[in-house]
Amino acid sequence: MQNNNRNKRNKRIFVAGHRGLVGSAIVRALKKRGYHNILTRTHAELDLIDQAAVRAFFEREQIDEVYMAAARVGGIHANNTYPAEFIYDNMMVQSNVIHEAWRSGVQKLLFLGSSCIYPRLSEQPIKEEYLMSGSLEPTNEPYAIAKIAGIKMCESYNRQYGTDFRSVMPTNLYGPGDNYHPENSHVIPALIRRFHEAKIKGAEKVTIWGTGTPRREFLFVDDMADASVHVMELDRAKYEKHTTPMLSHINVGTGEDVTIREVAEIIRKVVGFKGDIEFDTSKPDGTPRKLMDNSKLLSLGWHPGMRLGEGIKETYAHFVTDVAEKEAAAEAGVRPHGLLASA
């Protein structure tokens, strides 16, 4: 078991998935709040699918808290194309980390889920109690089932072993460090890349999947990270006052949503693309609407800070410097900012 008297700021905190969108933001949030004993491992250093390796890691490192941000994620295309990887990888990773965290005596763990855990046609806004009240969206069902299993695994260990494993369910996230793959990324990063490349090429139009009518809620990733640390810092009694043993997760969102068409128009303006937007209605829309009820988290003292337009501006600035310029330099065979062209 770990040292329960260890000073708050000296706690050994493992952030699983620290290179990802959410994990990197959680590291920033922890450092901002004064935590300095943060443990991270790359996939090459620790394969979270390897149970023996995960067990040895937890036994060796004497970890106090875990932020479970490691996951295989992607947009509609990726979920439709790789359903086996999405359910297997996520089930294995979260099972290994949660089980070995309990086995080694970790004090607290935060599991990060996704709004896709809720039924496709949930009443809006979506309350925590709507979990498993209807059918899931078919395009991302394997991922959603894995995330539901993670929530229930945390609840089960809490019930049986008295652990303090918590879960937060973020709405759609975006921000610095996102995945900008042209086919496998989520809505905002995919559109940022598409509009940017269209601007550079002088294209006349950008084509977007679906009708543009589905409504989505978007949360800046640093707000999500701040909410995650906020939830972890809550006294157990206060956290449990707002949850139950069989309904222990908390939604994280802004409480506002926009249509895909509206977010596309915002991104077009931020990027500076002058052409038209065309919607390919032969492609799937996905869930008609996903707006999270965030009243539980608001009652616990947390509020989002970043407006959508400003968040997209910051995200695009990072895309230009961290992705687009490096890709262009690599194609030209030069070294941007002292980096190898292959970096």
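The values are calculated or read from the model by the stated rules, or taken from the named source; none is laboratory data. Owing to the predicted nature of the structure, the values given are computational and were not obtained by experimental measurement. Note that we place each Cβ from the backbone using ideal geometry, even for glycine, and neighbour counts take in every protein chain shown.
Taking the stated definitions as given, is Arg166 farther than 16 Å from Phe273 by Cβ and charged (D, E, K, R)? Answer is yes for this residue. Selection of segment 193-214 for residues being surrounded by 13 or more Cβ atoms within 10 Å (Cβ to Cβ) and among the aliphatic types (A, V, I, L, M) yields Ala198, Ala203, Val206, Ile208. For segment 127-172, a residue qualifies if it is part of a helix (DSSP H, G or I) and among the hydroxyl-bearing types (Ser, Thr, Tyr), and the qualifying residues are Tyr130, Thr139, Tyr143, Ser156, Tyr157, Tyr161.
Here segment 1-38 is the region considered, the condition is being touching a Phe, Trp or Tyr at 6+ places or on another chain (Cβ under 9 Å) and surrounded by fewer than 15 Cβ atoms within 10 Å (Cβ to Cβ), and the residue that is modelled with the lowest pLDDT is Lys8. The set of residues from segment 173-187 being closer than 17 Å to Val320 by Cβ and assigned to a strand (DSSP E or B) comprises just one member, Tyr174. Contact map, segment 301-327: residues that are more than 17 Å from Leu173 (Cα to Cα) paired with residues that are exposed (fewer than 15 other Cβ atoms within 10 Å of the Cβ) and at pLDDT below 95, Cβ distance under 8 Å, separation 6+ or inter-chain. Pairs shown: Lys326/Leu339; Lys326/Ala343. Checked against (1) within 21 Å of Phe165 (Cβ to Cβ); (2) within 23 Å of the chain's Cα centre (by Cα); (3) crowded, with 17+ Cβ neighbours inside 10 Å; (4) free of Cβ contacts under 8 Å to residues at least 60 places away in the same chain, Val97 passes all but a single condition, namely (4).
List pairs: first residue in segment 225-240 and charged (D, E, K, R), second residue modelled with pLDDT of 95 or more and buried (at least 19 other Cβ atoms within 10 Å of the Cβ) anywhere in the structure, Cβ distance under 7 angstrom, at least six positions apart or on different chains. Sorted first by the residue in segment 225-240, then by its partner, the pairs are Asp226/Ala29. Scanning segment 274-290 for any residue that is touching an Asp or Glu at 6+ places or on another chain (Cβ under 9 Å), farther than 15 Å from Leu308 by Cβ and acidic (Asp, Glu) turns up at least one such residue. Kindly indicate whether Arg28 is under 20 Å from the mean Cα position of the chain (by Cα) and basic (Lys, Arg). Here the answer is yes, as Arg28 does meet what is asked.
Taken over segment 174-199, the criterion of being within 12 Å of the chain's Cα centre (by Cα) and modelled with pLDDT of 95 or more is satisfied by Tyr174, Gly175.
Would you confirm whether or not segment 273-281 contains a residue that is closer than 29 Å to Ala225 by Cβ and either β-branched (Val, Ile, Thr) or touching a helix residue (DSSP H, G or I) at 6+ places or on another chain (Cβ under 7 Å) (or both)? Within segment 273-281, none of the residues are closer than 29 Å to Ala225 by Cβ and either β-branched (Val, Ile, Thr) or touching a helix residue (DSSP H, G or I) at 6+ places or on another chain (Cβ under 7 Å) (or both).
The criterion of being among the charged types (D, E, K, R), under 27 Å from Asn96 (Cα atoms) and over 19 Å from the mean Cα position of the chain (by Cα) does not hold for Arg166.
Within segment 113-126, the residues that satisfy the criterion of being hydrophobic (A, V, I, L, M, F, W, C) and assigned to a helix (DSSP H, G or I) are Cys116, Ile117. Criterion applied to Asn140, Asn90 was being under 22 Å from Arg215 (Cα atoms) and either crowded, with 18+ Cβ neighbours inside 10 Å or within 15 Å of the chain's Cα centre (by Cα) (or both), and the one residue passing it is Asn140. Please tell me if Ala190 is buried (at least 19 other Cβ atoms within 10 Å of the Cβ) and outside any strand (DSSP E or B). Answer is yes for this residue.
So which residues in segment 214-227 are within 18 Å of Leu109 (Cβ to Cβ) and out of contact with any Leu (no Cβ under 6 Å at 6 or more places or on another chain)? Ala225, Ala227, listed by residue number.
Mind listing whichever residues of segment 193-214 are part of a helix (DSSP H, G or I) and of a type in the set (Phe, Trp, Tyr)? Once the filter is applied, which keeps residues that are part of a helix (DSSP H, G or I) and of a type in the set (Phe, Trp, Tyr), segment 193-214 yields only Phe195.
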